[in-house]
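The values are calculated or read from the model by the stated rules, or taken from the named source; none is laboratory data. These numbers were taken from a predicted model, which means no experiment stands behind them. Here Cβ is always computed from backbone atoms with ideal geometry, including for glycine, and neighbour counts include all displayed protein chains.
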Amino acid sequence: MSNTIENLARANVRALTPYQSARRLGGNGDVWLNANEYPLAVPFDLSQLTLNRYPECQPALVISRYAAYAGLQPEQVLVSRGADEGIELLMRAFCEPGKDAVLFCPPTYGMYSVSAETIGIEYRTVQALDGWQLNLPAISEQLDGVKLVYVCSPNNPTGNPINPADLRQLLEMTRGKALVIADEAYIEFCPDATLAGWLQDYPHLVVLRTLSKAFALAGLRCGFTLANKPVIDLLMKVIAPYPLSTPVADIAAQALSDQGITLMREHVAQLIATREWLIDALKTCDCVEQVFASETNYVLARFTASSQVFKTLWDQGIILRDQNKQPGLAGCLRISIGTREECERTIAALKSLPGSASREQA
Ligand code: PMP
């Protein structure tokens, strides 16, 4: 019976390994440092109680506030169920399954491949260079048939922004052929690196944003696609009729008020201070081989025995994200910036580990 059902499924879905989200991976922790969430809940009150009515498809207040926040026009903003939905909408609007391809540069965020596989679109990868920057000559060789190039900046899980000069070159080489999608999920931690201001120069640029990280609203599921009107109009053709529920739009509008944005900026400043403390402290741990610079709310580090470190901390309720399987990241764990206390507990746990264990094979 279950075999019959399985056989009815699309071949690419049968073959698919779903995205291993932090929540799916489970764990019994009390220090959650594996999903790049803000560590504390920000309180909100619901003001829209008209749940008998369908919500607006693109709630006007959310759109106008986000446009003002991003320095754009409302017609350049689309709101969706997280940035993840934006990643997928672009593929659904621009890629013909079985014909077109998307491209991205590992190590990077896992949903580009999962969305492509789900829809049945080929994906090509061009490994990032040392320092996790773009390998532009290799990208240029792979562009035939590519409709979308996803660039995560700052990159998850490595924490670095992509060089602006390289992004300009990428935009030049793709002009008229493909869209470049700058995934700026973590941009509030390095706001000067945003490409939002470049939309006026590049009709094929798209920027993805979210309220899940700096805005402390991962549970809300609200993200934004920023692009010029012709791109937004196409995405509006394929988006669900009611992508955001009324409570989501209500809370998103509050988060994007002047007061909400000020609060977000305070949180960012405090997370950055904690991050710098954590980076310095990690460098003093014997089990840590290398700590990568970060302009985000997480830090990537290479450990002498990462599986053992991961498991020992997991057993103590400190849940990190294992990046060991990503290309180029053997021995690496990603640590989200929690509260100062959570980071101190993590360092104390790392310091009590033996540091001399030899490096494991990936
Ligand atoms: N892009 C990147 C780089 C991310 O890390 C994430 C969150 N894990 C997303 C997009 C998706 O964000 P959202 O919660 O808005 O779907």
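Here are a few things to note about the model shown:
- Test result for residue 147, of a type outside the set (S, T, N, Q) and within 24 Å of residue 335 (Cβ to Cβ): no
- When 329, 313, 282 are checked against the criterion of being hydrophobic (A, V, I, L, M, F, W, C), surrounded by 20 or more Cβ atoms within 10 Å (Cβ to Cβ) and touching a helix residue (DSSP H, G or I) at 6+ places or on another chain (Cβ under 6 Å), a single residue qualifies: 313.
- Residue list for region 139-154, filter: surrounded by fewer than 17 Cβ atoms within 10 Å (Cβ to Cβ) and part of a helix (DSSP H, G or I): 140, 141
- Every residue from region 219-232 that is touching a helix residue (DSSP H, G or I) at 6+ places or on another chain (Cβ under 9 Å) and of a type outside the set (S, T, N, Q): 220, 221, 222, 223, 224, 226, 227, 229, 231, 232
- Any hit, region 210-226, residues being away from the ligand (no atom under 16 Å from the Cβ) and within 30 Å of residue 137 (Cα to Cα): no
- Enumeration of residues in region 161-178 that are part of a loop (DSSP other than H, G, I, E, B), under 20 Å from the mean Cα position of the chain (by Cα) and buried (at least 21 other Cβ atoms within 10 Å of the Cβ): 161, 162
- The residue pairs whose first member lies in region 142-154 and is closer than 10 Å to residue 181 by Cα and of a type in the set (Val, Ile, Thr), whose second member is assigned to a loop (DSSP other than H, G, I, E, B) and at pLDDT 95 or above, and whose beta carbons are closer than 6 Å, counting only pairs six or more residues apart or on different chains, are 149/178; 151/162.
- Matching entry among 187, 162, 181 (being within 16 Å of the ligand (Cβ to nearest atom), at pLDDT 95 or above and more than 28 Å from residue 244 (Cβ to Cβ)): 162
- Unmet criterion (only one of (1) under 22 Å from residue 328 (Cα atoms); (2) within 16 Å of the ligand (Cβ to nearest atom); (3) not small (Gly, Ala, Ser)) for residue 130: (2)
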